[in-house]
1. Going through the DSSP H helices of chain B, which span 20 Å or more along their own axis at the Cα atoms while scoring at least -0.5 as a mean Kyte-Doolittle hydropathy?
2. Residue-wise, which Karplus ³J(HN,Hα) couplings in Hz belong to the range A:435-440, taking 6.51 cos²θ - 1.76 cosθ + 1.60, θ = phi - 60°, and x for glycine or proline?
3. Quick one: what are the phi-derived ³J(HN,Hα) couplings along the range B:279-289, Karplus 6.51/-1.76/1.60 with θ = phi - 60°, whole Hz, x for glycine and proline?
4. Taking H placed 1.01 Å from N in the peptide plane, check which residues at least 5 places from residue B:376 or on another chain put their amide H under 5 Å from its amide H.
5. Roughly speaking, what is the centre-to-centre gap between the range B:62-111 and the range B:338-390 when only Cα atoms are used, to the nearest Å?
6. Looking at the range B:136-232, which chymotrypsin sites (Phe, Trp or Tyr not before Pro) are in a loop (DSSP not H, G, I, E or B) and have at most 15 other Cβ atoms within 10 Å?
7. Given Cα pairs under 8 Å that are at least 6 residues apart, what percent is the relative contact order of chain B?
8. Counting other C-beta atoms within 10 Å, and keeping those with at most 13, which DSSP coil GluC sites (Glu not before Pro) do you find in the range A:52-110?
Amino acid sequence: MRKTDTIAAVATAMSSSGIGIVRISGDEAFDVILRIFRRKNGKAPAELKSHRVYYGYIYDGEERLDEVLVLVMKGPHSYTAEDTVEIDCHGGVLMMKRILETVLKYGARPAEPGEFTKRAFLNGRIDLSQAEAVIDVINAKNQYALKSSVSQLSGAVSERIRDMRGKILYEIAFIESALDDPEHISLDGYGERLRETLKPLAEETARLIRSADDGRIMVEGIKTVILGKPNAGKSSLMNVLLGEERAIVTDIAGTTRDILEEHIRMQGISLNIVDTAGIRETEDVVEKIGVDRAKQTAAEADLIIYVVDGSCPLDENDRRIMEMVRDRKCIVLLNKTDLEQEVTAEELEQLSGKRVVPVSAKERTGIEELEQEIKELFYHGELNFNDEVYITNVRQKAALEETLESLKMVQQSIDSGMPEDFYSIDLMNAYEQLGLIIGEAVEDDLVNEIFGKFCMGK
Amino acid sequence: MPNVEETYDIVVVGAGHAGCEAALACARLGLETVMFTVSVDSIALMPCNPNIGGSSKGHLVRELDALGGEMGKNIDKTFIQSKMLNESKGPAVHSLRAQADKQDYTREMRRTLENTDHLTIRQAEVTEIIVEDGRLTGVKTFSGAVYHCKAAVLATGTYLKARCIYGDVSSYTGPNGLQAANHLTDSLIANGIEMYRFKTGTPARVDKRSIDFSKMEEQFGDERVVPFSFSTDPETVQKDQVSCWLTYTNEETHRIIRDNLDRSPLFSGAIEGTGPRYCPSIEDKVVKFPDKNRHQVFVEPEGLYTNEMYLGGMSSSLPEDVQYAMYRTVPGLENVKIVRNAYAIEYDCINSRQLNATLEFKNIKGLFSGGQFNGSSGYEEAAVQGFMAGVNAAMEVLGREPYVLDRSQAYIGVLIDDLVTKENHEPYRMMTSRAEYRLLLRQDNADLRLMKIGHEIGLVDDQTYERLIWKEKAIEDEMERLEKAVVGANEKVQRFLTEHDSTPLKSGSTLAELVRRPELDYFTLAELDDRRPELPYDVAEQVNINIKYAGYIKRQQQQVAQFKKLENKRLDQDFDYSEVPSLRREAVQKLNLYKPMNIGQASRISGVSPADISVLLVYLEQLRHQRR
């Protein structure tokens, strides 16, 4: 399905609770919803009336996704003053994401950060005195999206995408230089060669799409940081939460010198958990880097889990950490309850002003209470997913889908004996889409590649 | 007081391919026009390759012709070989290229100029522009004569402070030893114009009698010649053609070049100008592509009445003795005699981002420019700019709206938009890959795209225009007929399909559906099409392409619709972007520097992000309401 100028996004906060809204706006909003919505009788409505609510189901092809209410608003009587459809769904974060992906698959494109607001404004729906506020929203959202799209992408994935882009660009440049200089560069038999080159690229793209589904590419969820002094048991706790031996655990203080990051789902809540090096004053250069990085990570976190070793008395380092978490969402874990206690929960609660949960990572006790604590914070709305992270994720997946689509189009063109200049149209689209994922624009890449790789001219 | 003082509507400086088109456009629109050249004998000179057109350049010539330019007509009169390039590829990249008889080309263009009313040709070097209160009011020549005017077009080509170089020999002349223009640069700088220095080069011309053609491959022209101009009767261009010849360099050639690199001014640093990457000198190729053990050399005639041959692919600035040595390693050139040495040429041109898309200087009203002076390369690129600059100078004088073609309308639009919007550090050449919507910008439909505009400007006559309107209608009717005409799955049809390696029909099909099959087309289907009306080839061709590639064409049309949305949002040239709250500093700087004409152009400036554009849109909307 070719992308139009009809946009879609999740309009509500991405939380596990309550109802979420996926909003579609633009000329083809009605077309899109008619492709994926069926009423109880299994049919799409014959026509959509403005300001009516329709009850039914969202389908991706034959697969029924969720029971929904669809609110239809004909422009200009909507938030954006364009034809708008709102899908009220109640399946939680994963379902909202799934529905958004389906909307994108059937003709909408992901909204740019702040784009609904921008459209509402440009169409005269927002008080003009609010222009600066609108600009601020656009700027803030963009800055966040820029930051998160890069930081969310693992290094290995961006490396692979960069590599694929390089290969695609080379092929475009080859075709284009042959078109520009047909007497120097021949395209005889090229289609067959290109088919072979594209096969692994299409497979790689399909793999990336699958791993996007597993959440392995783009990390999303509540950014949670485990903090504490060296050897307080942070890595052991992480392992317990993950259910596997991931972090290196020894009895030597200061073992975790870098940052370990893992993604877990806990009773329907996505957590993106980061284990950090223990925080203490240190002269060891390598350890110091780890400590600095831990502080940095903590500063960006949505939630901090502060682990205290109950078997040692509190010291200067603990006071420093308590200072760090003073104004933050934080749960304090009193660890090593299996050993003789030097610190009591009451004492700690008074000092930190936070909820304290006694646990033993070693004996795996108290973990359920911790999960309960996190869940409550979340359902009481004190913790939220960051919408932008989600949007970025969906956007990146949509770009991968379109890349695959374009690569398939090239293969189709080869199969049906289309002339070579048609290949490069779809190749260019694949190249641009991959660029969106890693945040690289096209600019003059192609012309540089043509001149750099192929010898042309008189 | 100057001893000579005259007044014209328009002054054109330069009589190359840009200058000729500019002057003709202005004079044909009835404006008193004077065209200056350092030598009347060098009007429409082709100082480098002896051909017009080629990939994407052929498109430019076609477009220029549809708008009412002269280049297409002139080459139709003077070509000696013609070829449609990329015929086996899609229709978007078919491109016409013709070998010219260089002298004939010059002579014919001069004849046309000399017989155009309101046009005066003057041999003189323009040394100064006269600017009063930010408006151009005239020019001054080397002799001190003053020509008052309402607008001027600068088309100085490669002549400004030109220097020709090979080995350690250098002389301050324009191409072919013609007199350079050494003064105008200073006047331009004094008026606040930023100059660049570019470089290009040309291969040697050699004596035909010293070539052994038996060692080369002969390259023929097309059997059926297609004219460049829409107004040329195809029957008049079917004539005897001359051949070109293909040979190759070899390891020995490359060894000689490598051994003498230290004597090349390009590598020794004696040449400072930036050279074009798309037509590298042979020494550039050998250095940049060490793995290639041979490069093609095209040996092309310079005309019918000369023995000079052009060695395409071997431009160079190596010393004379090295030129002899390297050329003589090439099969067929063992005993070659050089008539003119290869050389590199350096010249002054402008940073073209100082221009509006109308090709008028942003800071000097009434001053326009076109061609290599703007930092482009090639005869065709020059001609189209000269034409647009001339038209817009004329529009200004006539008090009419300017003409700007956008990227979805023409290669001309792409070329000019690139020049005025993007960083450019080498002579700019047109390429099909630069056009985003090339399926729509075909050479075969240039008339359908642009002739109406040419007619509106006043450079396409009514008769030609009426033929166009008829053609549009004929195409539309025939397409509609094919979408409706149904053929059944009868024996005749199935046999036809089998014969053409096409899958037999299960049930009836429209003719249009059959045209879309890769192995069939409109022309082959004539056999099944009993009710087909008699239509001229150019109509049938459009019907075939439009139906066959309908899917792709529709996709590009949708993209164009998106593109137009931003393109139609005009920006005020006096707008100060630092007034926009929270626009990033880099964006403010770039936007204030370029002063884009519309949001679309703003979005193409490097350093301006999509978020910046959103911010700008919101701010402008607020401003618009406040003003109401």
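1. Numbers: long enough: B:379-398 (28 Å, 0.62); B:462-484 (33 Å, -1.51); B:550-567 (25 Å, -1.11); B:610-627 (26 Å, 0.00).
Membrane-span-like by this rule: B:379-398, B:610-627.
2. For the range A:435-440, the Karplus curve yields x, 4, 5, 9, x, 10 Hz.
3. So the J values, rounded to whole Hz, are 10, x, 5, 4, 5, 4, 4, 5, 6, 6, 10.
4. Amide H neighbours of residue B:376: B:428.
5. 20
6. Values: sites: B:142, B:147, B:159, B:166, B:172, B:196, B:198, B:213, B:220, B:228, B:230; in loops: B:142, B:159, B:172, B:220, B:228, B:230.
Those that pass, being in a loop and sparsely packed, are B:142, B:172, B:220.
7. On the way: 1327 pairs, mean separation 101.6, N = 628.
Worked out over chain B, it gives 16 percent.
8. Working: sites: A:62, A:63, A:67, A:82, A:86, A:101; in loops: A:62, A:82.
Here the GluC sites (Glu not before Pro) that fit, given the DSSP loop and packing criteria, are A:62.
Each reported figure results from applying straightforward, stated rules to the coordinates on display, with no laboratory input. What you see is a predicted model; the values in this text were computed from it and never measured. Glycine also receives a Cβ, built like all others from the backbone with ideal geometry; neighbour counts cover every protein chain displayed.
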